[in-house]
Amino acid sequence: MPTAAVVTLAAALLAPAAVAAPEAPAVRAASAGVSPALAAAPDIPVANVKAHLAQLQSIATANGGNRAHGRTGYKASIDYVKGKLDAAGYTTTLKTFSYNGATGYNLIADWPGGDTSHVVMAGAHLDSVTGGPGINDNGSGSAGVLETALAVSRAGLTPSKHLRFGWWGAEEYGMIGSKNYVNSLSAADRSKIDTYLNFDMIGSPNPGYFTYRYDSTLDALFRNYFAGLGISTEQDFEGDGRSDHAPFQDAGIRVGGLFSGADYTKTSAQAAKWGGTAGQPFDRCYHSSCDTTANINDTALDRMSDAIAYAIWNLAAGSTTPPTGTVFENTADVQIPDYGAAVTSDVAVTGRTGNAPAALQVGVDIKHTWRGDLVIDLVAPNGTAFRLKDASGNDSAPNVQTTYTVNASAVAANGTWKLKVQDIGRQDTGYVDSWKLTF
């Protein structure tokens, strides 16, 4: 994961892209119509994941102590992953790009079969910083994705959707490799990617369990998995825009993923929930020479790797029926009074037949200095209110930029829908930037 300063510079280079309508995945693979081969994801042996990390450590040690873009250690890392996938029956493609006067490499691996007009993709960056071997950042995500891909091969999986995996170069310079890949795709090929899942740092030594919050259905998929282990997750804000999901998201592809924390400090509440040491970074060796195989929490690595497989097995079994994709949006700014009355922003829905869907997507972009003070409701044309967000004194981060899913099937679709927002705390400011309904 690159530093925030690198990402800020890189973000300025990204051109905005039209956002494609999200498609709700099948959250449980055992639903009707799913083949027995997809009924349950396998346990990913953590010993296998660690064996990949040991190989990446050996590669770094033999190549000046790192696996960075433009260095021999990175090319050796790509060759190692490619060899494993080739032997497992994948169709692999090595894509080159140039950055800082050096050749970079992305590796794309396609599993045969599945509907190629509906692609489920998972990826991780394979490069390290120049100052260390990058075993947690991001050998851990790369190894977890690799072992999941190999598990697909061992299982002889026959998914409904097409499976694709990617390993990115030059992420530490601002997601250069993944940007290059996304920008190289035609609009038609980008539209075929239903979902991109990103895994950047999944074995932090003082771990947290963070999910990407951008798509509520993908967030729920991971939250439900960890809930089954008795683990409560939190949504990630430390990694916002700082990893390879960002170019996909900017291209209108829905994204999800997992993260175990970088240089932010673990709070007392988080230590009580997850164990570990409060007042210390999630990864004290972030971007340092000590990011070696000794810098991995085996339990977190095991759980996160299993969660990758769980998501791939479930999403691969999803329906290939195209979404209707009708979007109604209001982009007018609405100021939110500090500790004041609720304000509303309207969206007029027309041309629909019958009631709203059971999985109505509500995309919200609110710029606010303290989102914990905000209460957000969706108000249907008949006055029915759906609570999207409650206030929380523990939620001190800025902005609300996410997609909620509500069951609005009892409400007629056509009419004026309102986003209702109220600030119930003092000394913070903000406004509704935009919001949309996706049918």
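The values are calculated or read from the model by the stated rules, or taken from the named source; none is laboratory data. Everything numeric here is computed off the predicted structure, so don't read it as measured data. When we count neighbours, we look across all protein chains shown, and the Cβ atoms used for this are built from the backbone with ideal geometry, even at glycine. Quick note on the areas: whole protein, heavy atoms, side chains included, nothing else; ligands and nucleic acids left out. Shrake-Rupley method; radii C 1.70, N 1.55, O 1.52, S 1.80 Å.
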Q: Report the label-to-label distance for Ser58 and Val327 in nanometres (one decimal), using points 7 Å from each Cα along the Cα→Cβ vector.
A: 4.8 nm
Q. Against the longest alpha carbon principal axis of the chain, how many degrees, from 0 to 90 and to the nearest 10, is the axis of helix 216-228 turned?
A. 60 degrees
(Q) For a quick check of your reading of the filter: which trypsin sites (Lys or Arg not before Pro) in the range 382-422 sit in a DSSP loop and have no more than 14 other Cβ atoms within 10 Å? (A) none
Q: Please give every one of the aspartates and glutamates within straight-line cross-link reach of Lys273, meaning a C-alpha to C-alpha distance under 15 Å, and leave out same-chain neighbours fewer than 8 residues apart.
A: Glu234
Q. What list of ³J(HN,Hα) values in whole Hz, one per residue of the range 122-135 in order, does the Karplus curve 6.51 cos²θ - 1.76 cosθ + 1.60 (θ = phi - 60°) give from phi, with Gly and Pro shown as x?
A. 10, x, 7, 8, 9, 7, 10, 6, 6, x, x, x, x, 7
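So what is the relative contact order of the chain, in percent, for Cα pairs below 8 Å that sit 6 or more residues apart? Can you show the working numbers first?
On the way: 1044 pairs, mean separation 80.5, N = 439.
For the chain, the relative contact order is 18 percent.
So, for the chain, what is the accessible surface per residue at a probe of 1.4 Å, expressed in square angstrom? Numbers along the way, then the final one.
Working: 16660 Å² over 439 residues.
Per-residue value: 38 Å².
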Q | Straight-distance crosslink candidates among lysines, where the alpha carbon sits under 23 Å from Lys420 and sequence neighbours closer than 8 are dropped | A | Lys367, Lys389, Lys436
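What's the FRET efficiency of Gln335 with Ala278 using the Cβ-Cβ distance as r and R₀ = 41 Å, to the nearest 0.05?
Values: r = 38 Å, r/R0 = 0.92.
So the FRET efficiency works out to roughly 0.60.
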Q. Roughly how many whole Å is it from the C-alpha centroid of the range 143-176 to that of the range 228-246?
A. 18 Å
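Only bridges with both residues in the chain count here: give the DSSP antiparallel percent, nearest 5.
Details: 57 of 78 bridges.
Taking every DSSP beta bridge within the chain, about 75 percent pair in antiparallel fashion.
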Q) Once both labels are modelled 7 Å past Cα along the beta-carbon direction, what's the Ala358-Ala294 spacing in nm? A) 5.4 nm
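By average Cβ neighbour count within 10 Å, what is the ranking of 135-143, 292-300 from highest down?
Numbers: 135-143: 31.6, 292-300: 19.1.
The peptides rank, most packed first, as 135-143, 292-300.
Determine the relative contact order of the range 84-137: mean sequence separation of Cα pairs under 8 Å and six or more apart, normalised by residue count, in whole percent.
Values: 40 pairs, mean separation 13.1, N = 54.
About 24 percent, as a whole number.
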**Q.** Hits among lysines - C-alpha to C-alpha of Lys95 under 24 Å, sequence gap 8 or more where chains match
**A.** Lys75, Lys82, Lys84, Lys161, Lys179, Lys192
Q. Based on the Cβ-Cβ distance from Thr92 to Ala40, what FRET efficiency comes out when R0 is 25 Å, to the nearest 0.05?
A. 0.35
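Probe radius 1.4 Å, ligands and nucleic acids ignored: give me the carbon and sulfur share of the accessible area of the chain as a rounded percent. Walk me through the numbers before you get to the answer.
Details: 8450 of 16660 Å².
In the chain, the share of accessible area belonging to carbon and sulfur is 51 percent.
Given a Förster distance of 30 angstrom, what is the FRET efficiency for Leu229 paired with Asp79, based on the Cβ-Cβ distance and rounded to 0.05? Don't jump to the answer; show the numbers that get you there.
Numbers: r = 35 Å, r/R0 = 1.17.
It comes to 0.30.
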Q. Measuring from centroid to centroid over Cα atoms, what is the spacing of the range 385-412 and the range 46-94 in Å?
A. 42 Å
Q. Just how far, in whole angstrom, is the range 425-439 from the range 184-219 if you go by their alpha carbon centroids?
A. 24 Å
Q.
Place a point 7 Å from Cα of Asn382 in the direction of its Cβ. Which residues in the range 399-439 have their backbone N less than 15 Å from it?
A. 407-417
